[in-house]
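Asks: Below you'll find the structure I mean.
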Ligand code: HEM
């Protein structure tokens, strides 16, 4: 850590305040534009540390060039002190939430190698068929239900079923998995989590405990009689004798169900808002659904950035893009701000499904932690929207989205829809 920290930013650009994140999207993006214009990057003080460890503050990396450069240099910009929390997490949290996303190589590489078994061509073919079938079934149900909460009835269902199917989790557990992933990524939203910090920590730990217990029980079953699912693949050793320990399995499972659910669901929901607000883009998409659905999914991820940031911590003094950082400094890589960087994207605030090229960093920038589920997420977004636009082409948002109050996930909790 630098001996002298810069003065933290205060006022309306202070990202440590809930007010920053409670703004409507246009206000937030105007604030990002002002932050991108600052050099060196603004320093934020997140205030009281709920875990009682020493507080440090962080630099807000909001430019595409900084997010890309930090991602490609994991030796200097380390994930080991935690990637998903501004504060260093105490040991009991790391038991559940300390998976590979918060590790550096070689530990990270070993885990990623093992879990990549879930993403072999055979596994991918299997889940692609499952995605297609499930998307069709969800739209069958929607046509019967009619107007409803799009998040609950459409967007949430696909990622939840697919990730549970991959792991071999039966549908009797869906409600528990859904409740706990919501709690774990609830941010500061009182709909899901207590406003009392001690109670909130207990809720999050309980969520991790319940999910961990589920996969531990499943792992024991699969060790006795392996099935054609990811848990079976993870608990059996590969040719090099590598396999996950029970603790690694639990925390990886939690990472996967949380990352698999809380991101894709929001991309699918945001798409309904965007296609309602931009009828010209819907018309373009309907004109050539097969040709444009892929680029449209990329633009949805760029424009909305369901994951807002990841953290890195400096392992040494360094200079990046002309700015100096000291060993121990924390930086937050704001993908959502980088995805509107005017030096990379022409007219960045325009939602344009024909944008090409579209070098967004919604799944992370190039580097070892690039989203493991990017391919699956793209499949899910395109499959459900292809079904919707083929069978319910006039579906629209029938009211304002109810946004999640969080600095980390750009979420929509509820969204009324009508079929048109
Ligand atoms: C639209 C949907 C999604 C978005 C926007 C998203 C975004 C991200 C981002 C920004 C990262 C961090 C990249 C970095 O630090 O460099 C990440 C990592 C990760 N994502 Fe996703 N993700 C999505 C869907 C998924 C799905 C469906 C899965 C699971 C099947 C998944 C599993 C993971 C995992 C396991 C990591 C950690 C990879 C590592 O540390 O090596 N994600 N994702």
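Only the coordinates and a few stated rules stand behind these numbers; no lab work does. Quick caveat: nothing in here was measured; it's all calculated off a predicted structure. As a convention, Cβ positions derive from the backbone with ideal geometry for all residues, glycine included, and neighbour counts pool all protein chains shown.
Asks: List the relative contact order of segment 11-418 as a percent without decimals, with contacts defined as Cα pairs under 8 Å and 6+ residues apart.
Replies: With pairs under 8 Å counted, the relative contact order is 26 percent.
Asks: Moving to a separate point now. Return the distance in nm (one decimal) between the two label points of a simple spin-label model at residue 191 and residue 213, each offset 7 Å from Cα along Cα→Cβ.
Replies: 2.7
Asks: Right, next: Among 164, 417, rank each residue by its count of other Cβ atoms within 10 Å, from fewest to most, as a rough exposure measure. Don't skip to the end; give the middle numbers.
Replies: Working: 164 20, 417 26.
Ranking 164, 417 by Cβ neighbours within 10 Å, fewest first, gives 164, 417.
Asks: Which three extents, in whole angstrom, do the alpha-carbon atoms of segment 11-418 cover along their principal axes, largest first?
Replies: Result, largest extent first: 57, 55, 41 Å.
Asks: Give the Rg (one decimal place) followed by the Dmax (whole number) of segment 93-187, computed from C-alpha coordinates and expressed in Å.
Replies: 16.3, 51
Asks: Under the 0.36 nm per residue contour assumption, what length would be gained going from the current alpha-carbon distance of residue 327 and residue 414 to full extension?
Replies: Taking residue 327 through residue 414 to full extension adds about 27.1 nm, to one decimal.
Asks: Arrange the following residues from fewest to most other Cβ atoms within 10 Å of their Cβ: 327, 161.
Replies: 327, 161
Asks: Among DSSP bridges having both ends in segment 11-418, what percentage is antiparallel? Round to the nearest 5.
Replies: Bridges in segment 11-418 that DSSP calls antiparallel: roughly 85 percent.
Asks: Okay, next question. How far is the Cα center of segment 59-83 from the Cα center of segment 232-300, in Å?
Replies: With segment 59-83 and segment 232-300 each reduced to a Cα centre, they are spaced 22 Å.
Asks: Here's a follow-up. Using 0.36 nm per residue of separation minus the Cα-Cα distance, give me the extension gain between residue 30 and residue 245 in nm, one decimal.
Replies: Extending this stretch completely gives an extra 72.8 nm.
Asks: Can you give the calculated 222 nm mean residue ellipticity of the chain, where each DSSP H run of n ≥ 4 adds -39,500 (n - 2.57) and the sum is split over every residue, rounded to the nearest 500 deg cm²/dmol?
Replies: Result for the chain: -15000 deg cm²/dmol, rounded to the nearest 500.
Asks: Give me 151, 392, 235 ranked fewest to most by other Cβ atoms within 10 Å of their Cβ, as a rough exposure proxy.
Replies: Numbers: 151 23, 392 17, 235 20.
Result, fewest neighbours first: 392, 235, 151.
Asks: Just grab the label-to-label distance for residue 206 and residue 85, each label 7 Å out from Cα along the Cβ direction, in nm (one decimal).
Replies: Going from the residue 206 label point to the residue 85 one covers 1.8 nm.
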